[in-house]
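K.L.:
Here it is: the structure, laid out below.
The values are calculated or read from the model by the stated rules, or taken from the named source; none is laboratory data. The structure presented is a predicted model; accordingly, all values stated were derived computationally and were not measured. Every residue, glycine among them, receives a Cβ derived from its backbone with ideal geometry; neighbour counts consider all protein chains shown.
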Ligand SMILES: Cc1cc2nc3c(=O)[nH]c(=O)nc-3n(C[C@H](O)[C@H](O)[C@H](O)COP(=O)(O)O)c2cc1C
């Protein structure tokens, strides 16, 4: 019989408060997230047998966060605190109902047929554009594109994604590769490896997918705003080391991929896609 507790009993984590205090901030955050976004949520959701012990652990971690002087307005802390409060809610019929429902009762705006059509157009009509005008994208629009990347699905919500955002005119030729000429703007998608420190092997495999999900969301967002771009991986062996050196990127930060973007000056012929029925290998 499958037992959720078995999974967490095997998880290696600091045994005591003192051990937690010895961790650097990044390691502590990794453990904090692993607890709240995974163990805590899953155990409460499945009706944890020992809720008081789980809540003690949650309170201890929240206390350690404060003790370390990390900002209490941080998104991870805010989420953990509201989860813990909800799980303690005696009024709620079940902790599950409280944790999952009460704090998040938000009025969902229905997606109108027009909005739905627009979303599907963005997905289907986005194209990789590889030549750009020498014209800036406004900062507020760039911020919206990055925000779309941060809103992508992310394993355990570890939020490992970081960016280098550069304008070709400010850093000419630094982003050059061998594939296409540098775009007018560049977004390098980085990952802070320290976010995965408290993770199992499975998460190590998921990290590359996390970066891909963020990149795809940004590509869709930029198309929605009428901007163009292309997703690039390694262009040549020198490109990523060059960026690392130029921008003093520390070793724990991985450079995963690049988006070259700007106001496009080409309209590529759409690479064709196969029909769905050709690609469904199993349908039961
Ligand atoms: C992981 C990944 C790596 C890519 N690397 C490159 C690249 O190095 N150079 C390039 O010109 N296009 C690159 N592309 C863009 C693909 O060639 C493009 O998405 C594909 O041909 C389909 O075209 P479309 O994006 O216009 O639909 C990459 C796309 C992905 C998802």
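K.L.:
Could you list, in sequence order, all residues of the range 21-30 that are surrounded by fewer than 21 Cβ atoms within 10 Å (Cβ to Cβ) and out of contact with any strand residue (DSSP E or B) (no Cβ under 8 Å at 6 or more places or on another chain)?
P.N.:
Selection gives 21, 22, 23, 24, 25, 27.
K.L.:
Something else about it: Residues of the range 111-125 being away from the ligand (no atom under 16 Å from the Cβ) and modelled with pLDDT of 95 or more, which ones?
P.N.:
Selection gives 112, 113, 114, 115, 116, 117, 118, 119.
K.L.:
Would you point out which residue out of 184, 223 is touching a residue at least 12 places away in the same chain (Cβ under 8 Å) and touching a strand residue (DSSP E or B) at 6+ places or on another chain (Cβ under 7 Å)?
P.N.:
184
K.L.:
Select from the range 179-219 the residues that are within 15 Å of the ligand (Cβ to nearest atom) and either out of contact with any helix residue (DSSP H, G or I) (no Cβ under 8 Å at 6 or more places or on another chain) or part of a loop (DSSP other than H, G, I, E, B) (or both) and list them in ascending order.
P.N.:
179, 180, 181, 182, 183, 186, 208, 211, 212, 213, 216, 219
K.L.:
Taking the range 220-235, which residues are within 12 Å of the ligand (Cβ to nearest atom) and in a loop (DSSP other than H, G, I, E, B)?
P.N.:
Listed by number, the residues that qualify are 233, 234, 235.
K.L.:
Going by the structure shown, is residue 176 within 16 Å of the ligand (Cβ to nearest atom) and surrounded by 12 or more Cβ atoms within 10 Å (Cβ to Cβ)?
P.N.:
Details: within 16 Å of the ligand (Cβ to nearest atom): yes; surrounded by 12 or more Cβ atoms within 10 Å (Cβ to Cβ): yes.
Answer is yes for this residue.
K.L.:
I'm trying to understand the selection: among the residues of the range 263-272, which are in contact with a helix residue (DSSP H, G or I) (Cβ under 9 Å, 6 or more places away or on another chain) and surrounded by fewer than 10 Cβ atoms within 10 Å (Cβ to Cβ)?
P.N.:
Selection gives nothing.
K.L.:
Would you point out the residue of the range 126-151, among those that are closer than 12 Å to residue 228 by Cβ and in contact with a helix residue (DSSP H, G or I) (Cβ under 7 Å, 6 or more places away or on another chain), that is nearest to the ligand (Cβ to nearest atom)?
P.N.:
Ranking the qualifying residues of the range 126-151, first place goes to 126.
K.L.:
Please verify whether residue 150 is under 30 Å from residue 25 (Cα atoms), surrounded by fewer than 17 Cβ atoms within 10 Å (Cβ to Cβ) and in contact (Cβ under 8 Å) with a residue 60 or more places away in the chain, treating the condition exactly as stated.
P.N.:
yes
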